[in-house]
Amino acid sequence: MTDRPTPDHPLRLGTRASPLAMAQATQAVAALVTAHGLDPAALEIVPVTATGDRIQDRALAEVGGKALWTRELDAMLDAGVIDAAVHSLKDVETIRDARFALAAMLPRADARDRLVVREGVAARTIAELPPGARLGTSSPRRAAQVRALRPDLETPLLRGNVATRLAKLAAGDYEATLLAAAGLERLGMHDVGIVQPVEALLPAASQGAIGLECRAGDARVAALLAPVDDAPTRRAVAAERAFLAALGGDCSSPVAAHARFLADGTLRLDGAIYSEDGGDHVAGDAPIARDGDAAALAQRLLAAAPGTVRRLFAA
């Protein structure tokens, strides 16, 4: 294969086969085409159905965690079936296999959540939902945050792609759900749901960020991906992921983290950890100027947390 991808020797980008994942892979292709002036035919999207997309009736923590989103793509990348993998970084394990390298992150989209309610429910915020309403979610973070705001609400399991979740909502199985604003935007669903401020619902770490991984020793592919790497996104997401790593949490641990640049250029990380029912939580923030700052915030929150929160984290 030549150094520059061509239609005869395309750069193969692996992705999950869900509509949202395909939209994200298409966005990655467009970025690479622009960065290198490539013929679009010089990039090939290779979809695969992930285990996490096949299992819809159980929480991720019960069936293998976030690895269910990456397992098939990891195998394809390791075997050379694809040259790079496109990931929604929110769904990627905090500690990755050393065989792979996160070579690029596209500019981050809106990291916030949107509240989506079924027809007939007049609510623009969690506070406005009817007493005892069912807000379906598969996210321990969202469930804990919702219960922290409204202990009377139910948070039954709701899994599936965006279309599946919206269909279950429309069928009356739930009064509301929370979906990532970035995902809805990428699917062209610009008018679906109401954005919730981060002050009310701090996002998940890496939410809204798309990452491109390649084999750790593949300098050629890493060089091809490097021009689409967005430095501010990388700094913010790296801080959020370092916070998660220091907590030692897993996909069943209710944790939120969001890093953003202030007007003076300072990167500030907000973090929060919760008990399963949201009844207890600890939140804090810290400027991120050097390696270790995010981990220090995690340790500070753990030290202040009650046992109901601390037991959910392995650090």
Give the angle, between 0 and 90 degrees and rounded to the nearest 10, that separates the Cα long axis of helix 231-247 from the longest principal axis of the Cα atoms of the chain. 50 degrees
What the Cα atoms of the chain span along the principal axes, largest first and in whole Å, is 61, 46, 39
Using the alpha-carbon centroid of each, what span in Å lies between the stretch 73-92 and the stretch 181-206? 25 Å
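Neighbouring Cβ atoms within 10 Å as the yardstick, rank LYS168, LYS90 fewest first. Walk me through the intermediate numbers first.
Values: LYS168 17, LYS90 23.
Least to most surrounded, the residues fall as LYS168, LYS90.
Once the Cβ-Cβ distance between THR308 and GLU185 is put in as r, and R0 is 45 Å, what FRET efficiency do you end up with, to the nearest 0.05? Intermediate values should be presented prior to the final figure.
Numbers: r = 36 Å, r/R0 = 0.79.
Efficiency, rounded to the nearest 0.05: 0.80.
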With θ set to phi - 60°, apply the Karplus curve 6.51 cos²θ - 1.76 cosθ + 1.60 along the stretch 215-221 and write out the HN-Hα couplings as whole Hz, x wherever there is a Gly or Pro. 5, 4, x, 8, 5, 5, 5
For the stretch 104-121, 3J(HN,Hα) per residue [Karplus equation, 6.51 cos²θ - 1.76 cosθ + 1.60, θ = phi - 60°, Hz, x = Gly/Pro]: 7, 10, 6, x, 5, 8, 4, 8, 7, 9, 10, 8, 10, 10, 6, 4, x, 9
For a label point 7 angstrom out from the Cα of ILE194 toward its Cβ, which stretches of the stretch 110-140 have the backbone nitrogen within less than 16 Å? 113-131, 133-135
Checked the stretch 108-174 with the C-alpha gyration tensor, a ≥ b ≥ c its square-rooted eigenvalues, rounded below a/c of 1.5, otherwise prolate if a/b is larger than b/c and oblate if not; verdict rounded
So ARG4 and GLU93, fully extended at 0.36 nm per residue minus their Cα-Cα distance, gain in nm 29.0 nm
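Counting only C-alpha contacts under 8 Å and six or more residues apart, can you give the relative contact order of the chain as a whole percent? The partial results should precede the final answer.
Working: 641 pairs, mean separation 62.3, N = 315.
This gives 20 percent for the chain.
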Place a label point 7 angstrom from the Cα of GLU119 along the Cα-to-Cβ direction, then list the residues of the stretch 144-182 whose backbone nitrogen is under 11 Å away. 170-172
Among THR137, THR125, which comes first, second and so on when ranked by fewest other beta-carbon atoms within 10 Å? THR125, THR137
If you line up the long axis of helix 140-149 against the longest principal axis of the chain, both from Cα atoms, how many degrees apart are they, to the nearest 10? 30 degrees
Taking the Cα centre of the chain as the origin and placing charges on Cβ (Lys, Arg +1; Asp, Glu -1), which of ALA21, VAL121, MET76 is farthest toward the positive end of the dipole? VAL121
Looking only at ALA296, ALA98, ALA30, which one moves most when the chain is put into a Gaussian network model with springs between Cα atoms under 10 Å? ALA98
Which distance in nm do the two modelled labels at ALA219 and LEU157 give, with both placed 7 Å along the Cα-to-Cβ direction? 4.8 nm
For the stretch 66-119, run through the GluC sites (Glu not before Pro) and keep only the ones in DSSP coil with at most 12 other Cβ atoms within 10 Å of their Cβ. GLU119
What do you get for the angle between helix 293-304 and the principal long axis of the chain? Use alpha-carbon atoms, 0 to 90 degrees, nearest ten. 20 degrees
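FYI, it's all coordinate maths here, none of it is from the lab. Because the structure is a prediction, the values reported are computed rather than measured. Don't worry about glycine lacking a Cβ; one is built from the backbone with ideal geometry, like all the others, and counts go over all protein chains shown.
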